[in-house]
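Quick one: the structure is below, questions incoming.
The values are calculated or read from the model by the stated rules, or taken from the named source; none is laboratory data. Keep in mind that this is a model prediction, so the values were computed, not measured. In this analysis, Cβ positions are derived from the backbone assuming ideal geometry, glycine residues included, and neighbour counts consider all displayed protein chains.
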Amino acid sequence: MTSFDASELQPYEKKTIESLAGGNDAIMEIFSLLAKKQRHSMKMRNRAHLATAGLHTLNAYGPVVLPICLTKALGARLEDVDGNSYIDCHMGFGASILGHNPVCVVEALSRNLGNGVGGGNFSDDQVALAELIVRFVPNLERVTFLHSGGEAVEAMVRLARASTGKILIAKFEGCYHGAREIGVYNPWMAFTGIIPTDPQNQINARIATGGFSSTSKFDYLILPYNSELSIEIISQKKHELAAVVIDPVPPFMMDYVEDALNFMKKVSSACDTNGVALLLDEVVTGFRLSKGGAQEAAGVNAQLVAYGKMIAGLGIPISVVAGECGLMESIVTEGSKLDQDKSKAWISSTHAGNSIAVRAALAQLEYLSANYEGIMNLMDRNHATLALEVNNISKEIGIPLRLHGHSRLQSMLTFDGRAAPGESLDYRSIMHRRKPENLKLALLLSFYLRKNGVYCTNLPTMTMSAEHGVEELEIIVAAIRTSLQEMTKAGVFNKFA
């Protein structure tokens with residue numbers, strides 16, 4: 001690594017950069033340019049490594065390489081400590097649907113600062129937010145506030161177990177539900193190249209991380225995703241199951257949303273037939289596919305639903321569990337009753353429902369409710385426009401790039417093709433079709449995009465918000481074209497084609 005001082009890099013960065021460059025000096029020069037462009041970000045990153053652990057949030061493909069340290073975020077744009085400006089196509093893992101620092105939320109908080117009631121107290125905003133969520137999704141009758149999506153899913157599981165007296169929870173192979181216990185069993189983060197080979201009627205429950213009891217695997221039934229076999233297993237295990245947890249559209253199904261919703265319908269029907277509670281993890285999908293969420297989009301009713309990303313105004317942590325009265329009334333926050341009724345679940349936290357988070361969430365959802373069709377139509381149009389432009393650039397340069405994903409959920413530039421008609425859309429089949437060399441190409445593309453003024457993390461995500469307009473799209477399209485031209489000139493596609 002002669003283009004810049006390797007001593008400035010963390011060991012994992014050096015390894016990743018060397019792997020991506022593969023001895024190609026032209027590719028190495030891109031990393032050299034980025035290192036110079038974000039000199040102060042690199043210094044701040046090195047300070048962070050001495051003072052923090054796990055500074056960057058979830059990145060299943062590896063640690064963030066050459067992260068930028070931000071000083072400002074507004075609308076669809078970012079600015080880092082070096083004064084560089086970017087169009088943001090990461091948008092906080094899709095959480096910032098109204099863009100960064102939307103006026104409606106900032107003004108609502110400005111009015112509240114100085115007289116907010118903090119945490120551990122009851123306020124009228126809590127009632128207003130709960131009532132608004134119930135209006136969004138009428139079959140859900142009660143709401144409780146938590147902090148993160150993973151915490152909300154964990155709370156749903158505990159409520160189902162307490163109310164039924166059963167322990168076994170079914171989840172689907174390849175589905176991630178946050179960093180709590182259920183989320184890290186057989187998740188989609190298996191980008192090690194190892195694809196499960198267990199018989200699908202008896203998938204071994206495997207934990208993806210340390211820190212959990214080895215006996216907890218007996219508490220989970222892992223079902224094959226998008227398979228009729230899973231419907232049969234739910235019926236066979238109905239007397240043992242406390243609930244079935246499902247992500248309406250898992251990350252690996254973002255290209256096949258209708259297929260995912262159709263499968264969820266089958267699971268819902270199986271749960272209804274067999275008297276098993278259905279729990280939806282709508283932390284990502286909540287209110288996006290329809291104003292009533294994935295339930296409305298698919299025409300199903302779940303007993304409990306977890307919401308997260310889209311609720312949190314300004315990224316202030318808040319999540320929600322909403323559900324039918326029966327299960328929701330299993331929540332208890334009164335300590336004197338803990339030993340009296342084991343059909344209740346203690347779900348309580350000092351800062352859950354704190355006034356700042358609730359006010360921000362209320363302002364965001366009120367604005368979204370009033371402007372829903374316009375926002376979603378804009379995101380749909382932007383995605384369609386970008387997909388067309390990417391297709392044109394792909395043909396022009398002769399590189400098989402396309403826009404993967406859904407306009408309102410997650411999308412990304414990829415060199416992998418869609419499944420052919422009739423091909424299986426279960427988790428294992430989709431993972432088998434993904435080529436490791438194409439993932440490497442995508443990783444490299446994200447750095448070229450950053451050099452050309454478009455920010456993602458380590459993958460070329462193309463997540464849009466209500467603040468991505470015509471000008472932003474033009475910059476993104478120009479950056480994609482320039483990046484592919486530069487990659488072609490550097491001989492990148494000679495190696496990976």
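Out of the residues in the stretch 238-278 meeting the condition of being among the charged types (D, E, K, R) and assigned to a loop (DSSP other than H, G, I, E, B), tell me which one is nearest to ARG408 (Cα to Cα).
We begin by selecting, within the stretch 238-278, every residue among the charged types (D, E, K, R); these are 238, 240, 247, 255, 258-259, 265-266, 272.
Narrowing further to those that are assigned to a loop (DSSP other than H, G, I, E, B): 238, 240, 247, 255.
On the way: LYS238: 34, GLU240: 36, ASP247: 15, ASP255: 12 Å.
Among residues in the stretch 238-278 that are among the charged types (D, E, K, R) and assigned to a loop (DSSP other than H, G, I, E, B), the one nearest to ARG408 (Cα to Cα) is ASP255.
Filter the stretch 85-105 down to residues that are surrounded by fewer than 18 Cβ atoms within 10 Å (Cβ to Cβ) and either in contact (Cβ under 8 Å) with a residue 24 or more places away in the chain or within 16 Å of the chain's Cα centre (by Cα) (or both), then give me how many there are.
Residues of the stretch 85-105 surrounded by fewer than 18 Cβ atoms within 10 Å (Cβ to Cβ): 85, 92-93, 101, 103-104.
This time we only want the ones that are either in contact (Cβ under 8 Å) with a residue 24 or more places away in the chain or within 16 Å of the chain's Cα centre (by Cα) (or both), so: 85, 92-93, 101, 104.
Number of matching residues: 5.
If you don't mind, another one. Looking at (1) within 20 Å of the chain's Cα centre (by Cα); (2) among the hydrophobic types (A, V, I, L, M, F, W, C); (3) modelled with pLDDT under 95, which is the only condition PHE122 fails?
(1)
Return a yes/no flag: does the stretch 6-26 have any residue that is modelled with pLDDT of 95 or more and in contact with a Gly (Cβ under 7 Å, 6 or more places away or on another chain). Working first, answer last.
Initial filter on the stretch 6-26 (modelled with pLDDT of 95 or more): none.
Checked the stretch 6-26: no residue is modelled with pLDDT of 95 or more and in contact with a Gly (Cβ under 7 Å, 6 or more places away or on another chain).
With the requirement that a residue be under 21 Å from ILE169 (Cβ atoms) and assigned to a loop (DSSP other than H, G, I, E, B), what does the stretch 279-296 give you?
First, pick out the residues of the stretch 279-296 that are under 21 Å from ILE169 (Cβ atoms): 279-286, 294-295.
Hits for the stretch 279-296 are VAL283, VAL284, THR285, GLY286.
(1) part of a helix (DSSP H, G or I); (2) charged (D, E, K, R); (3) more than 29 Å from ALA466 (Cα to Cα): which one isn't true of GLU389, the others all being true?
Going through the list (1) part of a helix (DSSP H, G or I); (2) charged (D, E, K, R); (3) more than 29 Å from ALA466 (Cα to Cα), GLU389 breaks only (3).
What is the number of the single condition among (1) more than 23 Å from GLU29 (Cα to Cα); (2) at pLDDT 95 or above that THR482 does not meet?
(1)
Another question, if that's okay. Could you check GLU131 against (1) modelled with pLDDT of 95 or more; (2) crowded, with 17+ Cβ neighbours inside 10 Å and say which number it fails?
Failing condition for GLU131: (2).
Let me ask something else. Every residue in the stretch 214-249 that is under 19 Å from LEU304 (Cα atoms), buried (at least 24 other Cβ atoms within 10 Å of the Cβ) and not hydrophobic (A, V, I, L, M, F, W, C), please.
Once the filter is applied, which keeps residues that are under 19 Å from LEU304 (Cα atoms), buried (at least 24 other Cβ atoms within 10 Å of the Cβ) and not hydrophobic (A, V, I, L, M, F, W, C), the stretch 214-249 yields ASP247, PRO248.
Could you tell me how many of the residues in the stretch 10-37 are in contact with a helix residue (DSSP H, G or I) (Cβ under 9 Å, 6 or more places away or on another chain) and either not assigned by TED's automatic domain parsing to the domain that holds LEU70 or not charged (D, E, K, R) (or both)?
Qualifying residue count for the region: 16.
Also, I was wondering about something else. Just wondering, is there one or more residues in the stretch 314-335 that are closer than 30 Å to LEU439 by Cβ and out of contact with any strand residue (DSSP E or B) (no Cβ under 6 Å at 6 or more places or on another chain)?
Yes, the stretch 314-335 has at least one match.
Out of all the residues in the stretch 339-386, which are among the β-branched types (Val, Ile, Thr) and either exposed (fewer than 15 other Cβ atoms within 10 Å of the Cβ) or assigned to a helix (DSSP H, G or I) (or both)? Explain how you work it out, then say what you get.
In the first step, residues of the stretch 339-386 are kept if they are among the β-branched types (Val, Ile, Thr); the result is 347, 350, 356, 358, 375, 385.
Once the filter is applied, which keeps residues that are among the β-branched types (Val, Ile, Thr) and either exposed (fewer than 15 other Cβ atoms within 10 Å of the Cβ) or assigned to a helix (DSSP H, G or I) (or both), the stretch 339-386 yields THR350, ILE356, VAL358, ILE375, THR385.
Could you say whether any residue in the stretch 323-336 is within 25 Å of the chain's Cα centre (by Cα), in a strand (DSSP E or B) and in the same structural domain as ASN274 (by TED's automatic domain parsing)? Spell out the reasoning first.
Step one: filter the stretch 323-336 for residues within 25 Å of the chain's Cα centre (by Cα), giving 323.
Retained after the next criterion (residues that are in a strand (DSSP E or B)): 323.
Right, trim to in the same structural domain as ASN274 (by TED's automatic domain parsing) and you get 323.
Within the stretch 323-336 (the criterion being within 25 Å of the chain's Cα centre (by Cα), in a strand (DSSP E or B) and in the same structural domain as ASN274 (by TED's automatic domain parsing)), the answer is yes, since at least one residue qualifies.
For residues that are closer than 16 Å to LYS171 by Cα and not aliphatic (A, V, I, L, M), scanning just the stretch 255-268, find the one that is surrounded by the most Cβ atoms within 10 Å (Cβ to Cβ).
Ranking the qualifying residues of the stretch 255-268, first place goes to PHE263.
For GLY116, are the conditions met, namely being part of a loop (DSSP other than H, G, I, E, B), over 30 Å from ILE182 (Cβ atoms), touching a residue at least 60 places away in the same chain (Cβ under 8 Å) and assigned by TED's automatic domain parsing to the domain that holds TRP346?
Values: part of a loop (DSSP other than H, G, I, E, B): yes; over 30 Å from ILE182 (Cβ atoms): yes; touching a residue at least 60 places away in the same chain (Cβ under 8 Å): yes; assigned by TED's automatic domain parsing to the domain that holds TRP346: yes.
When the stated conditions are applied, GLY116 passes them.
Another one. Looking at ILE347, ILE311 in this structure, which one is of a type in the set (Val, Ile, Thr) and within 15 Å of LEU98 (Cα to Cα)?
Numbers: ILE347 fails: within 15 Å of LEU98 (Cα to Cα).
Exactly one of ILE347, ILE311 is of a type in the set (Val, Ile, Thr) and within 15 Å of LEU98 (Cα to Cα), namely ILE311.
Additional query: Please tell me if MET487 is part of a helix (DSSP H, G or I), more than 21 Å from LEU66 (Cα to Cα) and not assigned by TED's automatic domain parsing to the domain that holds LYS291. First the steps, then the outcome.
Working: part of a helix (DSSP H, G or I): yes; more than 21 Å from LEU66 (Cα to Cα): no; not assigned by TED's automatic domain parsing to the domain that holds LYS291: yes.
Considered against the rule, which asks whether it is part of a helix (DSSP H, G or I), more than 21 Å from LEU66 (Cα to Cα) and not assigned by TED's automatic domain parsing to the domain that holds LYS291, MET487 comes out as no.
I would also like to ask the following. Within the stretch 417-436, identify whether any single residue is on the phi < 0 side of the Ramachandran plot, part of a helix (DSSP H, G or I) and at pLDDT 95 or above, and answer yes or no. Walk me through it before giving the result.
So in the stretch 417-436, the residues on the phi < 0 side of the Ramachandran plot come out as 417-421, 423-436.
Within this subset, residues satisfying the condition of being part of a helix (DSSP H, G or I) are 427-433, 436.
Now narrow it down to the ones that are at pLDDT 95 or above: none.
No, the stretch 417-436 contains no residue that is on the phi < 0 side of the Ramachandran plot, part of a helix (DSSP H, G or I) and at pLDDT 95 or above.
Would you mind stating whether HIS177 is surrounded by 19 or more Cβ atoms within 10 Å (Cβ to Cβ) and farther than 25 Å from LYS237 by Cβ?
On the way: surrounded by 19 or more Cβ atoms within 10 Å (Cβ to Cβ): yes; farther than 25 Å from LYS237 by Cβ: no.
No: the conditions fail for HIS177.
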